[in-house]
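Following: one structure in structure tokens, then a few remarks.
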Amino acid sequence: MCKPALDRENDALGFLADEPQRRRRVEQKEAEVEADTDDDSDDPNAGNRPSEQRAMSFEHRLANKALAKLYAGHVSRSLRTLQEKPLAELTPETIAKLCALHPQATTPLPPLPAAAPTHVVVDMKTVRRISQRMCDGASPGVSGWTHELLHVLLDEDVCAEGISALILDIGNGDISVTTDAGVWLRCAVEVLVPKPDGGVRPLAIGEAIKKLAEAYFMSLVPLDKLLPSIQLGVGVPAGVDVAVHMVQAAMELRVGGANTIAINHDVTNAFNNISRAAVANALFDQPESQPIWRLFHWQHGAEALLLTFNGSQQLHTAITSEQGVQQGSSVSAAAFALAVQPAYERALQSVAVPAGALVATAILDDFTVVGAPSTASKSRPR
């Protein structure tokens, strides 16, 4: 659902006041890159430049951005940056497509189960370890705070105590969603990536402190027991790479015979179209997932803001997320995986084949099956 644009400056997070003076090298380098990049705002001929020159300007900025990530030690992030494409232009047509990807809620969220535990303590040693792992140069949410900034604060006892209290409040869902803090902690910056078919792919970037809290409470959930097979998109290090190698090996070994094929099933806009209530029920049906029950219910119990900014970092559009689960959230991804796991298992049980003659992997909503044409074509998740 679309809403009028909001004033970003007046709606800053109350508990995240001013940025600390100490910044990681990546922030400093990116500032230098912005200053070094050709500024067309005062150039009367900018609009008349050939498209090739404008494209080179984007590539130049991209290369410098990748270099900044590399200087900060984020090698993987630097390489991924070089593969980025220009974002979709924020035209009325683009915004209309974005709104269509976020339908209104169809069913209210079920109440939080009485068995939902209340967290009383946070292991700061674990938080610091997780925080260190999350310092990968990722873009910040609406507040501008990064994991690198939070990790610096964790070295100060007073700051660490405050972060611990915030993590505990987020995990218990104790921050009212009607307050400024509740609204802005649950919101996300949404960037739009153009698709070859003319559509857009929205990518949501949440607040660093909320993502840190999610990662901490996710560490308390035994995902290997909840998702013992098929699903590699949650709880499996380098799960995408594992899935690719599994499919490639199954094809090379011809697990389905001489005519082995691979069929990929990818549900359109799955994260936003799935019933939020169905996902909640799937999560609440698993007692071992109790550590994230309160956080999930707090995050999805009310609509959340998704904010789109233009190239000048001016707020362009605000829409709401009411249906499905939030992208960019580890808790949401785990709940989604639990909700679709039965469909994947039924797909494999629907055909009778010898052990090893059918190989299936999934990266969240992306389900791939390898086998003989007669069996692989019938293994369709429903």
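The values are calculated or read from the model by the stated rules, or taken from the named source; none is laboratory data. Since the structure is predicted, the reported quantities are computational estimates derived from the model, not experimental observations. Cβ atoms come from the backbone with ideal geometry, glycine included; neighbour counts cover every protein chain shown. Just so you know, the surface numbers come from the protein's heavy atoms only, side chains and all, with ligands and any DNA or RNA stripped out. Shrake-Rupley method; radii C 1.70, N 1.55, O 1.52, S 1.80 Å.
The table that follows gives values for the structure above.
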quantity: Residue under evaluation Ile163, criteria (1) free of Cβ contacts under 8 Å to residues at least 12 places away in the same chain; (2) open to solvent by less than 40 Å² (accessible area, probe 1.4 Å), criterion not met; calculated: (1)
quantity: Single residue of segment 77-129 satisfying the filter (touching a residue at least 60 places away in the same chain (Cβ under 8 Å) and not in a loop (DSSP other than H, G, I, E, B)) that is most open to solvent (accessible area, probe 1.4 Å); calculated: Lys97
quantity: Selection count, segment 351-361, where residues are assigned to a loop (DSSP other than H, G, I, E, B) and farther than 9 Å from Ser379 by Cα; calculated: 7
quantity: Residue in segment 189-202 that is open to solvent by less than 10 Å² (accessible area, probe 1.4 Å) and charged (D, E, K, R) present; calculated: yes
quantity: Number of positions in segment 329-382 that are under 22 Å from the mean Cα position of the chain (by Cα) and on the phi > 0 side of the Ramachandran plot; calculated: 1
quantity: Residues within segment 343-368 that are farther than 10 Å from Ile230 by Cα and β-branched (Val, Ile, Thr), tallied; calculated: 2
quantity: His74 open to solvent by less than 70 Å² (accessible area, probe 1.4 Å) and over 18 Å from Pro202 (Cα atoms); calculated: yes
quantity: Ala302 vs. criteria open to solvent by less than 80 Å² (accessible area, probe 1.4 Å) and without any contact (Cβ under 8 Å) to a residue 12 or more places away in the chain; calculated: no
quantity: Strands (runs of 3 or more DSSP E) within segment 245-350 that include 2 or more residues of a type in the set (Gly, Ala, Ser) and more than 22 Å from Gly235 (Cβ to Cβ); calculated: 315-321
quantity: Conditions (1) buried (at least 20 other Cβ atoms within 10 Å of the Cβ); (2) touching a Phe, Trp or Tyr at 6+ places or on another chain (Cβ under 9 Å); (3) within 30 Å of Glu161 (Cα to Cα); number of the one not met by Phe271; calculated: (3)
quantity: Among (1) of a type in the set (Asp, Glu); (2) at pLDDT 95 or above; (3) out of contact with any Leu (no Cβ under 6 Å at 6 or more places or on another chain), the one test that Asp224 misses; calculated: (2)
quantity: Conditions (1) touching a helix residue (DSSP H, G or I) at 6+ places or on another chain (Cβ under 7 Å); (2) at pLDDT 95 or above; (3) open to solvent by 40 Å² or more (accessible area, probe 1.4 Å); number of the one not met by Asn259; calculated: (2)
quantity: Test set (1) surrounded by fewer than 22 Cβ atoms within 10 Å (Cβ to Cβ); (2) at pLDDT 95 or above - Gly328 fails condition number; calculated: (2)
quantity: Hits in segment 167-183 (condition: surrounded by fewer than 22 Cβ atoms within 10 Å (Cβ to Cβ) and of a type outside the set (D, E, K, R)); calculated: Leu168, Asn172, Gly173, Ile175, Ser176, Val177, Thr178, Thr179, Ala181, Gly182, Val183
